[in-house]
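In what follows, a single structure is set out as structure tokens and then discussed.
The values are calculated or read from the model by the stated rules, or taken from the named source; none is laboratory data. The structure presented is a predicted model; accordingly, all values stated were derived computationally and were not measured. Neighbour counts are summed over all protein chains in view; Cβ atoms, including those assigned to glycine, are modelled from backbone coordinates with ideal geometry.
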Amino acid sequence: MGLESTFVESSGLHQSAIAHSHCECGGSSDPGKQLHEHRHHCIKRREFDTRKHALAYSFLRELDQSITQGQLGQLVLSTGGVKITWSKTLRTTAGRATWRRSKIRLHNYGVDGDEIKHHHYATIELAEKVVDDEDKLMNTLAHEFCHLATFMITKIITNPHGKEFRQWARKCSLVFGARGVNVTTRHGYKINFEYIWKCTGCEIEVKRHSRSVNPRKICCVFCKGKSQANQAHSEGQCQVW
């Protein structure tokens, strides 16, 4: 037997993601409370970071066994299983599921017909800046797992949030609902931002994960006022598609 060719089906590559703007009016009137919450969040975040890799793979195994009875894991067994990666560049998107399939034709000399084998490659990408606690991890992972099940098992690749996805989502929510899992087509998350720039005129706020705004060079796009830096724990919204 010999390897003839390998094909990658580009139609099998799908992503689920959404970008969201983070300009808001107003802010907390208690900076001391903000600072206290920020420090508390940092402590919890560091503790979560030490466990998140093990938690992710452990829950992925639970999802596979309970939701697909091991079918999804079996499909990716030859390629090392579903890969879970943590991204620093995904900042307003909680997760993304990617799948592709290669087809290999093996010559069976002396036997009628060649043998066709398929290899599945699946990855779930999680956003470090967004998925910062166990609840977000489980819900995001379950959402992206439902995408993979829709692509690989139900074999629907043209409608990522159609009835097939919703069927998998209902099953996940039923099985893991007692643990806070509720898979929907859109899921809003609070994002913890490290820095806020507030306009001294109209009080519009710009929130970022780093010191990327220079108030000396940039003025408010709405009233042309000056921005004032305020390093504090802040929350925004993120949606998962």
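Quick notes on this one:
- Residue that is nearest to the chain's Cα centre (by Cα), among those in the stretch 148-174 that are of a type in the set (A, V, I, L, M) and at pLDDT below 95: Ile157
- Test: residue in the stretch 28-47 that is modelled with pLDDT of 80 or more and among the aliphatic types (A, V, I, L, M): yes
- Criterion (in contact with a Phe, Trp or Tyr (Cβ under 9 Å, 6 or more places away or on another chain), in a helix (DSSP H, G or I) and either in contact (Cβ under 8 Å) with a residue 24 or more places away in the chain or at positive phi (or both)) met by exactly one of His161, His147: His147
- Any pair with Cβ under 7 angstrom, 6 or more apart, that starts in the stretch 40-69 at a residue that is within 17 Å of Ala149 (Cβ to Cβ) and ends at one that is among the charged types (D, E, K, R) and assigned to a helix (DSSP H, G or I): Ile67/Lys171
Rundown of residues vs (1) buried (at least 21 other Cβ atoms within 10 Å of the Cβ); (2) modelled with pLDDT under 90, yes/no style:
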site	(1), (2)
Thr89	no, yes
Arg96	yes, no
Leu106	no, yes
Val111	no, yes
Lys117	no, yes
Leu126	yes, no
Asp133	no, no
Cys146	yes, no
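- Selection over the stretch 74-88 of residues that are assigned to a loop (DSSP other than H, G, I, E, B), of a type outside the set (D, E, K, R) and farther than 18 Å from Val181 by Cβ gives a count of 3.
Here's the yes/no breakdown for (1) assigned to a loop (DSSP other than H, G, I, E, B); (2) over 20 Å from the mean Cα position of the chain (by Cα); (3) over 30 Å from Lys171 (Cβ atoms); (4) of a type outside the set (Asp, Glu):
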position: Ile43; (1), (2), (3), (4): no, yes, yes, yes
position: Arg46; (1), (2), (3), (4): no, no, yes, yes
position: Ser58; (1), (2), (3), (4): no, no, no, yes
position: Leu72; (1), (2), (3), (4): no, no, no, yes
position: Leu90; (1), (2), (3), (4): yes, no, no, yes
